[in-house]
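Some notes on the structure that comes next.
The values are calculated or read from the model by the stated rules, or taken from the named source; none is laboratory data. None of these values were measured; they are calculated from a predicted model. Quick note on the areas: whole protein, heavy atoms, side chains included, nothing else; ligands and nucleic acids left out. Shrake-Rupley method; radii C 1.70, N 1.55, O 1.52, S 1.80 Å.
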Amino acid sequence: MSFLVLSAYNLAVIGVLGNYGENAVAGFTVASTLQSVVLLPGMVLGTATAITINQQRGAGEWRGIRESMRGGIEVTVVTYMVIAVLVWSLHDPLARLIGGDAGVAAATGSYLSAVALTYAVQGPVLASLTVMEETGGGFRAIALNAIYFGLIVAVGAAAAHAAGSADAFYAAVAYCNLIGVTVPLIAVRHIRKLSARGSAAQAAVPTR
């Protein structure tokens, strides 16, 4: 379901950027491909955190899952602070390397210039959503994905229309990415609830 939401988002963005020329569409496509690689560690770290949490749930270590969640988020934040600065610093060479055509490279560079630093937020968001998806919070994660991507399309389309350029859309994406900082907080709360329910159930089982 999350991948379906993402696919719908990409189609909607292409529809919006189509009003601003072929280079804008091609530039977003190139940047989106690079972004998939950039965000892959977030998914991997989220999956690793979820595996650890599920192992602890199976072993009845309910208090430990909070520490695992906190540790997973901390590692992801540090990782993406480095990634975000690196991609932003190299956005022009990267755009020229993978964009090919000068116009496409310029559009790709514009997108990365606006959005790259927000990967420091987007990576932990993706990791948090992955943890939720794999620990019983899948429907909530899908709802958050739908709200997040829907907000980007709506705000971005309005901004681009008002400014008459694709650059306004890229700026809107960056601002919406910053709003995602609330998602790790929701994921942490989800894990805390799991911990509390598990601990309560464990305490209610009579010992022999």
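Tell me whether region 92-181 comes out rounded, prolate or oblate; compute the Cα gyration tensor, take square roots of the eigenvalues as a ≥ b ≥ c, and use a/c under 1.5 as the rounded threshold. Judged from the Cα gyration tensor, region 92-181 comes out oblate (a/c at least 1.5, b/c at or above a/b). Each principal axis of the chain carries a Cα extent, and these read 74, 29, 22 Å when sorted largest first.
Calculated mean residue ellipticity at 222 nm for the chain: -30000 deg cm²/dmol, from DSSP H runs with n ≥ 4 weighted as -39500 (n - 2.57), summed, divided by the residue count and rounded to 500.
Entry note, the chain: relative contact order of 29 percent, from Cα contacts under 8 Å with a spacing of 6+ residues. Of the solvent-accessible surface of the chain, computed with a 1.4 Å probe and all protein chains present, 67% belongs to carbon and sulfur. Helix 2-17 axis versus longest C-alpha principal axis of the chain: approximately 20°, rounded to the nearest ten. The HN-Hα couplings worked out from phi for region 101-106 by the Karplus form 6.51 cos²θ - 1.76 cosθ + 1.60 (θ = phi - 60°) are 4, 4, x, 5, 4, 5 Hz, whole numbers, x standing for Gly and Pro. The residues of the chain present an accessible area of 51 Å² per residue when probed at 1.4 Å with all protein chains retained.
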